[in-house]
Amino acid sequence: MTIRPIEQIIRPQPTVEGAGVHLIRSIGTRQLTNLDPFLLLDHFESSTPADYRAGFPFHPHRGIETVTILRTGEVRHGDSLGHTGAIHGGDIQWMTSGSGILHEEMPVVRAEGISGLQLWLNLPAREKMIRPKYRDLRADKLEDRVTDDGARLRVIAGEAEGGRSKGPVSGLSVAPKFIDVVLPAGALFREEIPAGHTAFAYVDCGRVSFGERDRLQSVDGPALVVFGDGDFVRAEGGARGGRFLLAAARPLHEPIARYGPFVMNTAEEIQQTLSDLRSGRFIREEAATA
Ligand code: FE
């Protein structure tokens with residue numbers, strides 16, 4: 001049983017997205033175009049309204065899942081099918097765009113500002129045109145537990161601690177494991193990841209050390225830590241502790257044709273998507289809510 005080594009540490013790059021939201025991006029850049037099956041990772045964090053108030057007005061998606069993990073603040077959302085709501089600090093929205101959804105994601109200006117992550121997960125070719133679906137995972141529905149080693153965990157997808165904790169999201173083809181981890185100074189974390197699955201830790205804040213006890217590598221957030229293959233991810237909280245999202249999933253090894261918010265397998269499918277948008281055939285079915 002081997003500990004996964006750090007393969008790469010990536011410093012997020014400043015990016016302006018949506019109608020003018022200033023954020024930092026670590027997957028979906030020239031340096032790291034994707035990390036199969038992860039397509040994008042954005043981190044937004046600001047208490048200056050000018051950095052985020054423009055938000056993400058109506059825009060389409062096809063072929064992917066978007067996972068929004070809100071740390072602080074509020075984001076109101078609405079879509080072309082009349083599904084509206086708001087997510088607050090601690091909430092997660094897991095949206096399966098499938099064949100197509102048009103939505104807006106608008107941060108609310110508040111004294112505490114806004115912070116969170118948005119991760120895009122690719123859908124396998126045979127599921128790209130499935131019916132759109134939302135999972136609204138509210139903070140009070142997500143179990144927050146402290147392990148014997150002092151790590152605070154919130155399991156979002158898949159299982160943790162050898163099956164002792166289960167996240168609300170399961171049964172997806174790429175078998176994602178997403179765990180929000182808070183490590184106070186000196187706390188330990190060890191989690192099994194199936195060999196061959198892609199795995200990364202995004203350290204939002206603080207300092208976390210990864211790897212074998214005698215070969216620890218310290219990482220100061222914000223940073224993306226990409227792991228090489230192995231059986232476990234092992235982490236220790238640094239002097240003031242830290243927080244990271246651990247994400248792992250089975251790679252798809254399929255061709256990627258990407259055009260902004262559409263991610264398909266071939267250039268023809270992207271052309272078809274643009275033609276569907278022009279002809280009003282982009283929205284196919286009503287989204288399901290769970
Ligand atoms: Fe979006």
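Among the residues making up the stretch 43-64, those that are of a type in the set (D, E, K, R) and open to solvent by 10 Å² or more (accessible area, probe 1.4 Å) are 45, 51, 53. Six or more apart or on different chains, Cβ under 9 Å: which pairs go from a residue in the stretch 50-66 that's more than 10 Å from the ligand (Cβ to nearest atom) to one that's aromatic (Phe, Trp, Tyr) and not in a strand (DSSP E or B)? Could you list them? If the second residue must be aromatic (Phe, Trp, Tyr) and not in a strand (DSSP E or B), the pairs left are 62/282. Of all residues in the stretch 67-84, those that are surrounded by fewer than 20 Cβ atoms within 10 Å (Cβ to Cβ), away from the ligand (no atom under 14 Å from the Cβ) and of a type outside the set (D, E, K, R) total 4.
Matching residues to (1) more than 22 Å from residue 72 (Cβ to Cβ); (2) surrounded by fewer than 18 Cβ atoms within 10 Å (Cβ to Cβ):
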site	(1), (2)
186	yes, yes
191	yes, no
194	yes, yes
198	yes, no
213	yes, yes
216	yes, yes
224	no, no
237	no, no
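Taken over the stretch 13-36, the criterion of being within 13 Å of residue 225 (Cβ to Cβ) and surrounded by fewer than 20 Cβ atoms within 10 Å (Cβ to Cβ) is satisfied by 32 alone.
For residue 175, the criteria (1) within 16 Å of the chain's Cα centre (by Cα); (2) more than 16 Å from residue 231 (Cα to Cα) hold in every case but one, which is (2). Do we find that residue 162 is in contact (Cβ under 8 Å) with a residue 12 or more places away in the chain, closer than 25 Å to residue 253 by Cβ and either within 15 Å of the ligand (Cβ to nearest atom) or open to solvent by 10 Å² or more (accessible area, probe 1.4 Å) (or both) in this structure? The answer is no for residue 162.
The values are calculated or read from the model by the stated rules, or taken from the named source; none is laboratory data. No experiment lies behind these values; they were computed from the predicted model shown. Ideal geometry is used to build each Cβ from the backbone, glycine not excepted, and the neighbour counts take in all protein chains shown. Surface areas here come from the heavy atoms of the whole protein model, side chains and all, with no ligands, DNA or RNA. Shrake-Rupley method; radii C 1.70, N 1.55, O 1.52, S 1.80 Å.
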